[in-house]
Amino acid sequence: MSDALEPVLAQLAEQVAQEAARRYRIGADQARARIEGSWLSHQALRALARKTPSPRALARTRLYRQAASQAKKDIYYRLRRYRPQSDEFSEGLERLRRAAAGAECQAACEALARSHASTAERWPDLDGFLERTHPVWGDCATLLDIGCGLMPLLFPFDRVDGRLQRYVACDRDARCIEAINAYGQVTPGVLEGHVWDIGDGWEALATQTGIQRYDAALLLKLVPVVARQQPRLLAMLADAPADWLVVTGSRQALARRQDISRRERAVIGSFAKRHGLVVESEFETPSELGLLMRRPGG
Ligand SMILES: C[S@@+](CC[C@H](N)C(=O)[O-])C[C@H]1O[C@@H](n2cnc3c(N)ncnc32)[C@H](O)[C@@H]1O
């Protein structure tokens, strides 16, 4: 079997890639590479393509329509994953484990963080994001990062030298926590990761950490996700054991090219209102919007 895709399939892959790039947050070249990669091993489709060299005729067949629809679905669902599948992630993690402190470690952290959808999106605006949220985390002795993903790998520990005693990062995604604890080993200090699900409750976390109360908590791009997927856990999140909360949402949909700022702002606003949290200020970066909240009397 030849390694090059049949010309008729290459032509149709280009059309599907262009369509995907208009709809989803992916470049046409990357989309085409993914489609061609999956069609290369689709023997029945390739056999049909050799018998049907006209793109119009091939595009009308059921087998082709199924393959095109599957290719678009694969692109969509891959874009909706926060972090890459095992192999790519494992390589990044190994690189971090091997890294000595300093530039090598920083490069490994950046590479891993940029492989996770949430931190990749924040990466170009990271300085702006840190500057706007600094009023909350800048003076903390204890900081809780809930549903942390890989954000702790980008946290500027050098800017809080001495003040920050404990940065507790928790997520139900055990692979993210592995990466965070690998970073904690490379630069021993304040950072610790815990596998924990919001549904486990705050006492379960306190048992793991020994901390009952934090100066502030980060809920970055978490509340809108929980509101969509597990709304019953919102009350638990609102009860996070911290005096200040940084609650953010995305401005762009994860997969589609769609501005979701208004929707995310509304979800976060109603979270604050419903649970009696006081919104002190709001901020926006090109990719994220956030509300800085405190507990009444906190
Ligand atoms: C959109 S990502 C945001 C990651 C990170 N906070 C950031 O902004 O870079 C949402 C994160 O919340 C975590 N998450 C979702 N539901 C959770 C739950 N019930 N318990 C713990 N973590 C959860 C996911 O595993 C994921 O890492």
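Quick note: the coordinates plus some simple rules give every number you see, no bench work behind them. Please read these numbers as outputs of a predicted model, since none were measured by experiment. So basically every Cβ, Gly included, is an ideal-geometry build from the backbone, and we count neighbours across all protein chains shown.
At a glance:
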{"item": "MRE, 222 nm, helices only [DSSP H, n ≥ 4, -39500 (n - 2.57), over the chain, to nearest 500]", "result": "-15500 deg cm²/dmol"}
{"item": "Karplus (6.51, -1.76, 1.60) ³J(HN,Hα), θ = phi - 60°, over the range 136-148, in Hz, Gly and Pro reported as x", "result": "8, 8, x, 10, 6, 9, 10, 10, 10, 10, 9, x, 5"}
{"item": "Acute angle (nearest 10 degrees) that the helix 174-186 long axis makes with the longest principal axis of the chain, alpha-carbon atoms", "result": "60"}
{"item": "Cα long-axis angle, helix 86-98 against the chain (0 to 90 degrees, to the nearest 10)", "result": "50"}
{"item": "On Cα atoms only, tilt of 28-40 relative to the major axis of the chain in degrees", "result": "60"}
{"item": "Overall form of the range 157-266 per C-alpha gyration tensor (a/c, 1.5; a/b vs b/c)", "result": "prolate"}
{"item": "Amide H partners (placed H, <5 Å) of Asp145, local residues excluded", "result": "Val168, Ala169, Cys170, Leu218"}
{"item": "Span from the the range 1-58 Cα centroid across to the the range 60-79 one, whole angstrom", "result": "10"}
{"item": "Trypsin sites (Lys or Arg not before Pro) within the range 14-89: DSSP coil, no more than 13 neighbouring Cβ in 10 Å", "result": "Arg80, Arg81"}
{"item": "Rh by Kirkwood over Cα pairs, then Stokes-Einstein D for the chain at 1.567 mPa s and 4 °C, µm²/s", "result": "61"}
